[in-house]
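Here's the structure we're looking at; comments come further down.
The values are calculated or read from the model by the stated rules, or taken from the named source; none is laboratory data. The shown structure was predicted, so the numbers you read here are calculated from the model rather than taken from an experiment. Don't worry about glycine lacking a Cβ; one is built from the backbone with ideal geometry, like all the others, and counts go over all protein chains shown.
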Amino acid sequence: MRRLALSLVALLFLAGPAPAEGFVLRTTTQMLAQPLAFIFEGQAEVSALLGAGTDPHTYQPTRLDVRSMVEADAVDCMVALPGQLFTNTQIPACTWFLTRDKANGMVRNEKKRDRREEFLFIDARNLGFMRDRVLRDFTNDDIAKIADTQRICDAVEKSGAPMQIGFQRRFDAGMARARAMVARGDLGDIYDMVLASRDHVPPDRTFIPGSGGIFRDLHVHDLDIASWIADSPIEFVQATRAIRGAGDFAEFDDADVTKIIATTESGIPVSISGARHDARGQDVRIEVFGSKDAISAGITPRTPLLALDGPQIGINTDVYTGFIDRFREAYRAETTAFVDLIGGAPNPCPPQAAFEALRASIACERSALTGERVEVRTITSE
């Protein structure tokens, strides 16, 4: 939970007055730059560090890239973290604290000094200990050192800053419509939900040991979206896993094929299938069956399916090639929602959603290990 809390801080955007015209915005990807350019048209210079089509997982920033972000003067503090700290990636992470006003701003009636053209850098790369051969963790003393330097925990609590979790499936048009239809009662009583998540290309071997495993890396999104559409937390899970094709997973005690049978607190059965390789393309979809109607989200002409009866689906070559391609528009909507959140709109994906989905993912891991049905609420932060 300490690792998750630190990762949530990465989305922090400290409150402050609106920036003046002529300010500079630097984003990582084109998907972030495009909606921001539209929102701040005529007010800001917006550019992306990554070129079109660049995979953010393999991107290596240059000195010029880092310099351009610093020159935007929106960086208040940077904390360089050690590698292997997070379960979903082994690469060293860096937490950036951003602010819209570094010139004598007011935060909670406390006047801040003029910090323009300044930023604090905290080097925490050598902190922590190896919990096992692939995962690093912080001791309480390590956490205290970071907190004492920048009062991170206090700053998050006192700032009242908006914090949005990056569950992009909530912003997929089809899945958002499914939630709305269920909420209106269009489907009647919900009988069943069926989800599928299949990657087109298996992850690189170097990604596997720090990924957190297939349940936390892949199915955390399925568990969140099922709970969100049903408007009911996941209560019980029973999961299995196997290795059917990608041999590298066995070395790191992971799997490439999974099956989850879950039940929401409202009693809805949920079936989730997952795989690290789909030869045709990226396949992420959901079906919801009710007493009045049945719907699906994620089945389009680009879905990598070949129907053997009736009209064929996905027979063209323009299938989804990866998760970025599959959720391109959802990422744009997610970014716009975050801007709206900063402006005072309701939070579409609050931090509690991450904790609940993580608990359900860990319950799946426990179930796959023991072969037993696991109650999600038995997973605590200890």
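Yes/no matrix, rows are residues, columns are (1) within 30 Å of PHE121 (Cα to Cα); (2) touching a helix residue (DSSP H, G or I) at 6+ places or on another chain (Cβ under 7 Å); (3) at pLDDT 85 or above; (4) not acidic (Asp, Glu):
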| residue | (1), (2), (3), (4) |
| --- | --- |
| ARG151 | yes, no, no, yes |
| ASP154 | yes, no, no, no |
| ILE165 | yes, yes, no, yes |
| ASP172 | no, yes, yes, no |
| ASP186 | no, no, yes, no |
| ASP192 | no, no, yes, no |
| ASP204 | no, no, no, no |
| PHE215 | no, yes, yes, yes |
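Residue pairs whose Cβ atoms lie under 9 Å apart, sitting 6 or more positions apart in sequence or on different chains, and linking a residue in region 181-205 that is assigned to a loop (DSSP other than H, G, I, E, B) to a partner that is surrounded by fewer than 16 Cβ atoms within 10 Å (Cβ to Cβ) and aliphatic (A, V, I, L, M), are ASP186/ALA180; LEU187/ALA294; HIS200/ALA279. For ALA345, the conditions (1) part of a helix (DSSP H, G or I); (2) surrounded by fewer than 14 Cβ atoms within 10 Å (Cβ to Cβ) all hold with the exception of (1).
When you check ASP248 against the structure, is it in the same structural domain as CYS364 (by TED's automatic domain parsing), touching a residue at least 12 places away in the same chain (Cβ under 8 Å) and more than 22 Å from the chain's Cα centre (by Cα), yes or no? Answer is yes for this residue.
Pairing each residue of region 71-99 that is acidic (Asp, Glu) with any residue that is at pLDDT 70 or above and not in a loop (DSSP other than H, G, I, E, B), provided the two are 6+ apart or on different chains, yields C-beta distances under 6 Å for ASP76/PHE97. Identify, by number, the condition in (1) closer than 25 Å to ARG326 by Cα; (2) in contact with a strand residue (DSSP E or B) (Cβ under 8 Å, 6 or more places away or on another chain) that THR206 doesn't meet. Against the list (1) closer than 25 Å to ARG326 by Cα; (2) in contact with a strand residue (DSSP E or B) (Cβ under 8 Å, 6 or more places away or on another chain), THR206 comes up short only on (2). Scanning region 339-366 for residues that are under 19 Å from ASP253 (Cβ atoms) and touching a Phe, Trp or Tyr at 6+ places or on another chain (Cβ under 9 Å) gives SER361, ILE362, ALA363, CYS364, GLU365. Considering only residues in region 300-313 that are in contact with a strand residue (DSSP E or B) (Cβ under 9 Å, 6 or more places away or on another chain) and of a type outside the set (Val, Ile, Thr), the one that is modelled with the highest pLDDT turns out to be PRO304.
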